[in-house]
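Heads up, the thing below is written out as structure tokens.
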Amino acid sequence: MIKRSINKILISNRGEIAVRIIKSCSEMGIKTVAVYSDIDKHAVHVRLASESYCIGSAPARESYLNQDKIIEIAKSSGCDAIHPGYGFLSENPSFAKKVEENNIIFIGPSAEAMKLMGDKTSARTFAKKIGVPIVPGTTDPIDNITDAQRIAEEISYPVLIKAAGGGGGKGMRIINKANDLEAGLRASKSEALSAFSDGRVYIEKYIENPRHIEVQILADAYGNVVHFGERECSIQRRHQKIIEESPSTYIDEKIRADLTQAAVSLVKEAGYTNAGTVEFIFDQNKKFYFLEMNTRLQVEHPITEMRVGYDLVKEQIEIAKGNRLDFSQKDIKFEGHAIECRIYAEDPYNSFFPSTGKIINLRIPSGLGIRDDRGIEEKSEVSPYYDPLISKLISFGKTREEARNRMSVALKQYRLIGLKNNINFCAWIINQPKFISGEYDTGFIDKYFSVNELDKPSEEIITVAIIAALTKLQKNNHNLVEVSENKSCSNWKNKKIDSFN
Amino acid sequence: MEHYKITIGEKIIDTIFGLQKIIIDDKEFHFTTTEIENELIDIHLGNSLHQAYCLIKNNSIDVEVWVDNQFIRIKIEDDRAILLNRFQTNSANTQGEISINAPMPGLVKKIEISQDEIVKQGQGLVILEAMKMENEIKSPQDGRIKEIRIENNTTVEKDQTLIIIEAI
């Protein structure tokens, strides 16, 4: 393996992950190049990078997915490498290949390894071959309803339709009966196509209420593979993760050893390099199955970093340079407990509809054991064009209970005014008895959540809301003329909102 | 002091509002307000300090309010508006129409109903794609589809009228 130097990195992403990558690059003395769509021209990642270039209009297809434009800017701005973050082009082998063909380092696995492990169907075939258990279903993509029907009958309903080309719950549908299969297949294909430019889907047996647990891996180009333990990701809504924690409360040391070993051998056998995550699901008998591999940095990587103290982005860059891992498995010490809540711009009071708008006021909690990774700031506009994830709040504690209490307080102190968000929903989850005891699975939200569960505003809050609304309305002079009263009783007179102006 | 009818969800709250004083369902509270930057308002009520922000929606009586970490939708009617609404409701009789507006900007993926179709409350009307997810807009009431103002694969703006449903 030839060692290559990296002095300048283009980040082909936006939002919190672009900000996160810029941070590590800056610590390493590496210059950064941000790319952005015109709607993102005031975004935080654009402000923080050493240089920035507009690459097109708001729809991702015309900007963050524009491979040629991104490569052209990497070359003209003198970048040695591209970091793809997650989503967008991060799991696109033809992009990885094109980058390397232009003599730019792609920070991630080789295009071949990505193709093998990133494609859900070929990864399933490979796992099966080397003896890692997989969920029953197809190892080939399905493109017609007849095949879909035949396979669904074979493995029996309920079945799950999944996108072969990407994760994150996009393009995923649970089908309970034959009648729903055709519509589900259509919706799944169209969602997959728009999310990953790849409409291939496959079918597997839907394991009801499993636990979703994954293993973080790092591999260098010399065959050294280490794992950074597991992350429990079972708190999901519509197959999108909301809360993750590490370690998992579900598995003991024996299962943990088997699980991490399965992940390490899969990565080793595949000749995979750089960071990756092997996802497993556990059935109710604690038997695990390989689900898929994410051939990139993951959203929830900070909870691993909090426990092991390694910067995963730095390690990714070192591996991409052709360096050996300068530590081995036994050097990795696992400490304490970490939890992440994903703060989404969506309204839990209204069927979790995505919300857009301007952030008027933002107050981020901080203190011992609290980390917040975000790509937003006060006055940021959240547009409908991209993922609704706006911030990741992470807590760490010596024990799970300490981490959980820290999270609970941090969520209470988090202030995000102007944009509907799921902070109250996250707070509800982490204070649920079943979450506190750690006895939950992916069915948790469906089973326990209804909008009535959320904190209703207290009488005091309602009173304040009415005062605020009427004050604003009168100030706007909406024909609502007031009767005069004694006006001279406040020391705050000069700053006070006057109802009569 | 002026009288208002405040609606929050299904709850109707009788309010009399004046300078530094508010009477809500016959209970009197004293407060002070201070405007800080960005149209945020600090409100001292009793011994607590709260922060609020209001967005007045289209017709100026629907207000979205953030108070600390909470979000509340408020409908405000003054005496004149109450009279006006009563008149409109009476004259409209049962000929009510409701317009289904886009809750966010997005792309129309699928129109699930057709002209003159009878729909039930909760029935899916339109699939709107935003933030890479498909969201189904459902009918808020029983009725007949009077007008479809959108086409498949076109983008719509927030609050744009998509469909008009006529009460039956």
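The values are calculated or read from the model by the stated rules, or taken from the named source; none is laboratory data. Here the structure is a predicted model, which means the values were calculated and not measured. In this analysis, Cβ positions are derived from the backbone assuming ideal geometry, glycine residues included, and neighbour counts consider all displayed protein chains. Heavy atoms of the whole protein, side chains included, go into the accessibility calculation; ligands, DNA and RNA do not. Shrake-Rupley method; radii C 1.70, N 1.55, O 1.52, S 1.80 Å.
Using protein heavy atoms only (no ligands, DNA or RNA), what is the total accessible area buried between B and A, 1.4 Å probe, nearest 100 Å²?
6300
Taking the Cα of residue A:183, stepping 7 Å toward and past its beta carbon, and measuring to each backbone N in the range B:99-127: which are under 18 Å?
From the range B:99-127, the list is B:109-115, B:117-127.
Taking 51 Å as R0, compute the FRET efficiency from the Cβ-Cβ separation of residue A:125 and residue B:38 and round it to 0.05. Could the numbers behind the result be given before it?
On the way: r = 55 Å, r/R0 = 1.08.
Computed FRET efficiency for residue A:125 and residue B:38: 0.40.
Spelling out what I want: for every residue of the range B:155-168, take phi, set θ = phi - 60°, compute 6.51 cos²θ - 1.76 cosθ + 1.60 (Karplus), and round to whole Hz; glycine and proline get x.
Couplings: 8, 10, 8, 4, 6, 5, 6, 9, 9, 10, 10, 9, 5, 10 Hz.
For residue A:146 and residue A:364, what is the calculated FRET efficiency with R₀ set at 56 Å and r taken between the beta-carbons, to the nearest 0.05?
0.60
Just to be sure I understand the model, the point goes 7 Å from the Cα along the line to the Cβ. What's the resulting residue A:28 to residue A:261 distance in nm?
For residue A:28 paired with residue A:261, the spin-label model returns 3.3 nm.
Keeping all protein chains in place, calculate the accessible area per residue for the range A:243-379 (probe 1.4 angstrom), answer in Å².
Values: 4890 Å² over 137 residues.
For the range A:243-379, the solvent-accessible area averages 36 Å² per residue.
Between the range A:12-59 and the range A:218-282, what's the alpha-carbon centroid distance in Å?
Each part's Cα centre sits 29 Å from the other's.
Roughly how many percent of the accessible protein surface of the protein assembly as shown is carbon and sulfur, given a 1.4 Å probe and a whole-percent answer?
Numbers: 13570 of 28440 Å².
Roughly 48 percent of what the probe reaches on the protein assembly as shown is carbon or sulfur.
Just to be sure I understand the rule: take each whole DSSP H helix in chain A, project its Cα atoms onto its long axis, keep it if the span is 30 Å or more and its mean Kyte-Doolittle hydropathy is at least 1.6. Which ones pass?
none
If you put +1 on each Lys and Arg Cβ and -1 on each Asp and Glu Cβ, how big is the dipole of the range B:1-53 around its Cα centre, in Debye rounded to 20?
Its charge dipole is roughly 160 debye.
Quick check: residue separation of residue B:7 and residue B:48 times 0.36 nm, minus the Cα distance between them. What number comes out in nm?
Numbers: separation 41, 0.36 × 41 = 14.76 nm, distance 2.42 nm.
Extra length from residue B:7 to residue B:48 when fully extended: 12.3 nm.
Could you please put A:442, A:295 in sequence from largest to smallest accessible area, using a 1.4 Å probe?
Solvent-accessible surface, decreasing: A:442, A:295.
Quick one: which of B:148-154, A:34-40 comes out on top by average Cβ neighbours within 10 Å, and what's the full order, highest first? All intermediate terms of the calculation are to be shown ahead of the outcome.
Working: B:148-154: 12.3, A:34-40: 22.3.
In decreasing order of mean packing, B:148-154, A:34-40 become A:34-40, B:148-154.
Distance from the Cα centre of the range A:149-163 to that of the range A:382-439, in angstrom?
Their Cα centres are 35 Å away from one another.
Tell me the label-point distance for the pair residue B:141, residue A:62, using the 7 Å Cα-to-Cβ offset, in nm and rounded to one decimal.
Distance between label points: 3.9 nm.
Would you rank A:185, A:193 by solvent-accessible area, highest first, keeping every protein chain in place and using a 1.4 Å probe?
Numbers: A:185 10, A:193 90 Å².
Ranking A:185, A:193 by accessible area, largest first, yields A:193, A:185.
Within 10 Å of each candidate Cβ there may be at most 12 other Cβ atoms; applying that plus a DSSP loop requirement, which GluC sites (Glu not before Pro) in the range B:6-55 survive?
Counting only loop positions with at most 12 other Cβ atoms within 10 Å, the GluC sites (Glu not before Pro) in the range B:6-55 are B:10.
Which GluC sites (Glu not before Pro) in the range A:290-399 sit in a loop by DSSP (not H, G, I, E or B) and have at most 11 other Cβ atoms within 10 Å of their own Cβ?
Those satisfying the criteria are A:335.
Taking 19 Å as the cut-off for C-alpha to C-alpha distance, list the pairs among A:358/B:109; A:120/A:162; A:69/A:120; A:412/A:447 that go past it.
In this structure, A:358/B:109; A:69/A:120; A:412/A:447 exceed 19 Å between Cα atoms.
Given a Förster distance of 56 Å, report the FRET efficiency between residue A:405 and residue B:28 from their Cβ-Cβ distance, rounded to the nearest 0.05.
That pair, residue A:405 with residue B:28, gives E of 0.90.
Going 7 Å from the Cα of residue A:176 along its beta-carbon direction, which residues of the range A:140-160 have the amide nitrogen within less than 17 Å of the resulting point?
Flagged as within label range: A:156-160.
Roughly how tilted is helix B:79-92, in degrees to the nearest 10 and between 0 and 90, from the longest Cα axis of chain B?
The two axes meet at around 20 degrees.
So, in nm, how far is label residue A:254 from label residue A:101 when the simple model puts each one 7 Å beyond its Cα toward the Cβ?
5.2
Counting only protein heavy atoms, probe 1.4 Å: which residues of the range A:338-361 lose 10 Å² or more of accessible surface in the full assembly compared with their chain by itself?
For the range A:338-361, once contacts with the other chains are taken into account, A:347, A:349, A:350, A:353, A:354, A:356, A:360, A:361 lose 10 Å² or more.
With the Cα gyration tensor of chain A in hand, convert its eigenvalues to equivalent ellipsoid semi-axes via √(5λ) and list them largest first in whole Å.
For chain A, the semi-axes come out at 40, 28, 24 Å.
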